[in-house]
Amino acid sequence: MEKWWKEQAVYQIYPMSYCDSNGDGMGDIPGIISKLPYIKSLGVGILWLSPVYRSPGEDNGYDISDYCDIDPKFGTLSDMDELIQKANALGLRIVMDLVINHTSDQHEWFQKSRRREAPYEDFYIWRDGNGKRPPNNWTSFFGGRAWAFDEVRGQWYLHLFAKGQPDLNYRNPAVIDAVERVMDFWLARGVSGFRCDVINLLWKDSLKNGFPKGALVGSEYYIGRPGCHELLQRFRREVLSRYDCFTVGETVLVSTKKARELTDPNRGELDMVFSFEHMNADCFLVKWLPRKFKTQRLFRSLIKWQKKLPWNAVYLENHDQPRSVSRFGDDSPASAKAMLTLLLTLRGTPFVYQGEELGMTNFDFTSMDDIQDVESKNMVPTLKKLGLNDRRIFERMRKASRDNARTPMQWTPGPEGGFTTGTPWIKVNGNHVTINAETEEQDPDSVLNWFRTLMAYRNGSDVLKQGRFRLISREKDWIKIERRLGDERVIVAVNWSPKPVKLPLVGYPVLSTHGTQKLDCQLQPWEAVLIEEK
Ligand code: TEU
């Protein structure tokens, strides 16, 4: 019997944008509870919630001010207990986001640290500057420098993300203890694991000046350092190993070699990681530097990771990435189905992001005023420095802004897509009149019903869940793979283009986006098929 997290698919919920139960325009936990039957009907087994902890919301909850409480905008601790219990009753497990590289600057730890109150003096990375200049030349993931001066303490603190997200100091054993207590708190309450935010950045080797010519100055001193591996081993030993749970690390810019180390069961660090490499299929390293999407680039990276790791997380979307159907497809439901087919048939634990099962697309905002995301807003000065005018900056946002994934879940064709009875915190996409759960529910050919069909097939197929992966062929516009377990195999072929393609493929598919008639060396536009062989 395989581990449960290798058997089931994960569904990511971005709570702010999932379902609003009280009309304040903000999704909440009672809203998620009301949608449990829908989630169950998808066939997924695990829900990962983006942060619902107390937070001032500068980075939509990734800036935590109290790890052991729920933010009032999402509900209460007892709502969370109810969610865990009701989900469990339906056979669904809950996984939380664990954001421990940094806290909010509103966290009590930081407030006390800036006043040098014991025992918090060294909870963060404080340094004196060089005259009026920050301690080193490191830059932030969100643009600009990675240091802010605090008037109260009279020193600079490091923040790899927003200014309101000071980095914790893992050289201080009291920080490690405090973080372990947080993990314990939630695991004891019944959560089944964590998605560990930027987990490969925890350990800063030194605070020397970084190589000045890079997108992320200083990153050579903090990405995947040995100290980070040691921390992860300690978390596993002291806390995680006492529970039936798993961890998936968000590991920024990780290589396959590093990923193998991080997920090696003998080392006892993480169970899976999110690779970032295939997210570069339409950009150079950072998404603000776009290039034309090439199917081959996407395939090549996905396959490389399939081959190099015995098991890993597989995803095409999350709350930080634009919608896959807009990036890698042509916004059509047909392309959404093709993508979901590959996602659910590769080897590994699939992660599906809310709305991906409907074929939700990038936003239809018309100006910067509609954009809410701190990363997008912070990037504007950097893009201006690169010489872009307002129009071109907005064009770039349309392609790359994280708000593309954060528009509210589209439940109905009605007002605000059925997400809220009030005014949503961020605009609902106008295409909710056609792309929504209620309409798709009734259409046997919808993306939603294709997703359910595939999930049901996957859940019943040991070949798809456990089988070995082999690439048969990847061409400019199509891909053909094999999954094999013992003598059984499943062939999956996907036409990743809006034109028909010719390929060596005959037989009757067990599942097809275009009907199960005999295949004759041809796939229709965006057609995806599964063929069983025994
Ligand atoms: O993301 C880390 C991360 O690498 C992102 O900042 C990424 O570079 C960017 O979003 C691409 O646009 C995690 C969370 O997923 C993200 O939502 C948080 O803002 C960030 O950490 C800080 O906690």
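The values are calculated or read from the model by the stated rules, or taken from the named source; none is laboratory data. Treat the numbers as computed from the prediction; the structure is a model and nothing was measured. When we count neighbours, we look across all protein chains shown, and the Cβ atoms used for this are built from the backbone with ideal geometry, even at glycine. Surface accessibility is based on the protein's heavy atoms, side chains included, excluding ligands, DNA and RNA. Shrake-Rupley method; radii C 1.70, N 1.55, O 1.52, S 1.80 Å.
State all residues of segment 255-279 that are aliphatic (A, V, I, L, M), farther than 21 Å from Gly227 by Cβ and away from the ligand (no atom under 15 Å from the Cβ); if no residue qualifies, say none.
Met272
Based on this model, can you work out whether Ser473 counts as out of contact with any Phe, Trp or Tyr (no Cβ under 8 Å at 6 or more places or on another chain), of a type in the set (Ser, Thr, Tyr) and exposed (fewer than 15 other Cβ atoms within 10 Å of the Cβ)? Spell out how you get there, then give the answer.
Values: out of contact with any Phe, Trp or Tyr (no Cβ under 8 Å at 6 or more places or on another chain): yes; of a type in the set (Ser, Thr, Tyr): yes; exposed (fewer than 15 other Cβ atoms within 10 Å of the Cβ): yes.
Yes: the conditions hold for Ser473.
Tell me, which helices (runs of 4 or more DSSP H) lie completely within segment 268-356 with 1 or more residues that are in contact with a Pro (Cβ under 9 Å, 6 or more places away or on another chain) and touching a residue at least 60 places away in the same chain (Cβ under 8 Å)?
Details: elements: 295-308, 324-327, 333-345.
The helices (runs of 4 or more DSSP H) meeting that bar are 333-345.
Can you name the residue in segment 280-325 that is among the charged types (D, E, K, R) and more than 14 Å from the ligand (Cβ to nearest atom) and is also nearest to Phe142 (Cα to Cα) among such residues? Talk me through it step by step, then tell me what you get.
Initially, segment 280-325 is screened for residues among the charged types (D, E, K, R), giving 282, 287, 291-292, 294, 297, 300, 304, 307-308, 317, 320, 323.
Right, trim to more than 14 Å from the ligand (Cβ to nearest atom) and you get 291-292, 294, 297, 300, 304, 307-308.
Details: Arg291: 20, Lys292: 23, Lys294: 26, Arg297: 26, Arg300: 28, Lys304: 29, Lys307: 33, Lys308: 31 Å.
Looking at residues that are among the charged types (D, E, K, R) and more than 14 Å from the ligand (Cβ to nearest atom), I get Arg291.
Can you find, within segment 404-436, the residue that is most open to solvent (accessible area, probe 1.4 Å) among those that are touching a Phe, Trp or Tyr at 6+ places or on another chain (Cβ under 7 Å) and more than 21 Å from Ser367 (Cβ to Cβ)? Even if it seems obvious, please write down each step before you answer.
Going residue by residue through segment 404-436, those that are touching a Phe, Trp or Tyr at 6+ places or on another chain (Cβ under 7 Å) are 404-409, 411, 417-419, 427-429, 436.
If we keep only those that are more than 21 Å from Ser367 (Cβ to Cβ) as well, we get 409, 411, 418-419, 436.
Details: Met409: 1, Trp411: 13, Gly418: 35, Phe419: 1, Asn436: 0 Å².
In this case the residue turns out to be Gly418.
Do any helices (runs of 4 or more DSSP H) entirely within segment 1-77 hold 2 or more residues that are modelled with pLDDT under 95 and farther than 30 Å from Asn378 by Cβ, and if so, which? Give the steps one after another, and end with the answer.
Numbers: elements: 4-7, 29-34, 36-42.
Helices (runs of 4 or more DSSP H) meeting the threshold: none at all.
Filter segment 119-163 for residues that are out of contact with any strand residue (DSSP E or B) (no Cβ under 8 Å at 6 or more places or on another chain) and within 16 Å of the ligand (Cβ to nearest atom) and give the result.
Ser140, Phe141, Phe142, Gly143, Gly144, Ala162
Residue by residue, here is whether (1) of a type in the set (D, E, K, R); (2) surrounded by 20 or more Cβ atoms within 10 Å (Cβ to Cβ) holds:
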residue	(1), (2)
Leu201	no, yes
Leu232	no, yes
Arg236	yes, no
Val239	no, no
Asn280	no, no
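Would segment 2-24 turn up any residue that is at positive phi, open to solvent by less than 10 Å² (accessible area, probe 1.4 Å) and touching a helix residue (DSSP H, G or I) at 6+ places or on another chain (Cβ under 9 Å)? Let's see the steps before the verdict.
Applying the first criterion (at positive phi) to segment 2-24 yields 23.
Next, from what is left, pick out any that are open to solvent by less than 10 Å² (accessible area, probe 1.4 Å): none.
No, because not a single residue in segment 2-24 is at positive phi, open to solvent by less than 10 Å² (accessible area, probe 1.4 Å) and touching a helix residue (DSSP H, G or I) at 6+ places or on another chain (Cβ under 9 Å).
Within segment 94-113, does at least one residue satisfy the condition of being more than 16 Å from the ligand (Cβ to nearest atom) and in a loop (DSSP other than H, G, I, E, B)?
The answer is no, given that none of the residues of segment 94-113 is more than 16 Å from the ligand (Cβ to nearest atom) and in a loop (DSSP other than H, G, I, E, B).
Would a scan of segment 172-185 turn up a residue that is open to solvent by 40 Å² or more (accessible area, probe 1.4 Å) and farther than 23 Å from Glu108 by Cα?
No, there is no match, as no residue in segment 172-185 is open to solvent by 40 Å² or more (accessible area, probe 1.4 Å) and farther than 23 Å from Glu108 by Cα.
For segment 374-385, check the following and say yes or no: at least one residue is open to solvent by less than 30 Å² (accessible area, probe 1.4 Å) and not in a helix (DSSP H, G or I).
Checked segment 374-385: no residue is open to solvent by less than 30 Å² (accessible area, probe 1.4 Å) and not in a helix (DSSP H, G or I).
(1) farther than 26 Å from Val252 by Cβ; (2) in a loop (DSSP other than H, G, I, E, B): which one isn't true of Asp81, the others all being true?
(2)
Which members of segment 459-470 meet the condition of being open to solvent by less than 60 Å² (accessible area, probe 1.4 Å) and assigned to a strand (DSSP E or B)?
Listed by number, the list holds a single entry, Phe469.
Every residue in segment 47-93 that is among the basic types (Lys, Arg) and within 14 Å of the ligand (Cβ to nearest atom), please.
Looking only at segment 47-93, we keep the residues that are among the basic types (Lys, Arg), and these are 54, 73, 86, 93.
Passing the criteria: none in range.
For residues that are closer than 24 Å to Val273 by Cα and of a type in the set (Lys, Arg), scanning just segment 172-203, find the one that is farthest from the ligand (Cβ to nearest atom).
Checked segment 172-203; the qualifying residue farthest from the ligand (Cβ to nearest atom) is Arg181.
List the strands (runs of 3 or more DSSP E) inside segment 126-202, counting only whole elements, that have at least 1 residues being under 30 Å from Met80 (Cβ atoms). It would help to see each step written out before you state the result.
Working: elements: 147-150, 155-158, 193-196.
Passing ranges, in order: 193-196.
Answer yes or no as to whether Lys399 is over 23 Å from Leu358 (Cα atoms) and not aromatic (Phe, Trp, Tyr). Lay out the reasoning, then the answer.
Values: over 23 Å from Leu358 (Cα atoms): no; not aromatic (Phe, Trp, Tyr): yes.
Against the criterion (over 23 Å from Leu358 (Cα atoms) and not aromatic (Phe, Trp, Tyr)), Lys399 does not qualify.
Looking at Gly348, Gly422, which one is over 22 Å from Ser324 (Cα atoms), away from the ligand (no atom under 16 Å from the Cβ), small (Gly, Ala, Ser) and at pLDDT 95 or above? Steps first, please.
Working: Gly348 fails: over 22 Å from Ser324 (Cα atoms).
That would be Gly422, the only listed residue that is over 22 Å from Ser324 (Cα atoms), away from the ligand (no atom under 16 Å from the Cβ), small (Gly, Ala, Ser) and at pLDDT 95 or above.
Output the qualifying pairs, or none if there are none: Cβ atoms under 9 angstrom, residues six or more apart or on different chains, first residue in segment 372-383 and closer than 12 Å to Gly144 by Cα and free of Cβ contacts under 8 Å to residues at least 12 places away in the same chain, second residue open to solvent by less than 20 Å² (accessible area, probe 1.4 Å) and within 11 Å of the ligand (Cβ to nearest atom).
Hits for this filter: Lys377/Phe142.
Could you count how many residues in segment 247-269 are under 16 Å from the mean Cα position of the chain (by Cα) and under 18 Å from Pro310 (Cβ atoms)? If you could, list the steps in order and put the result at the bottom.
Filtering segment 247-269 down to residues under 16 Å from the mean Cα position of the chain (by Cα) leaves 247-254.
Checking which are under 18 Å from Pro310 (Cβ atoms) leaves us with 247-249, 251, 254.
Residues in segment 247-269 being under 16 Å from the mean Cα position of the chain (by Cα) and under 18 Å from Pro310 (Cβ atoms): 5 in total.
This table checks each residue for (1) touching a helix residue (DSSP H, G or I) at 6+ places or on another chain (Cβ under 6 Å); (2) open to solvent by 20 Å² or more (accessible area, probe 1.4 Å); (3) not small (Gly, Ala, Ser).
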position: Glu438; (1), (2), (3): no, yes, yes
position: Tyr457; (1), (2), (3): no, yes, yes
position: Glu488; (1), (2), (3): yes, yes, yes
position: Val492; (1), (2), (3): yes, no, yes
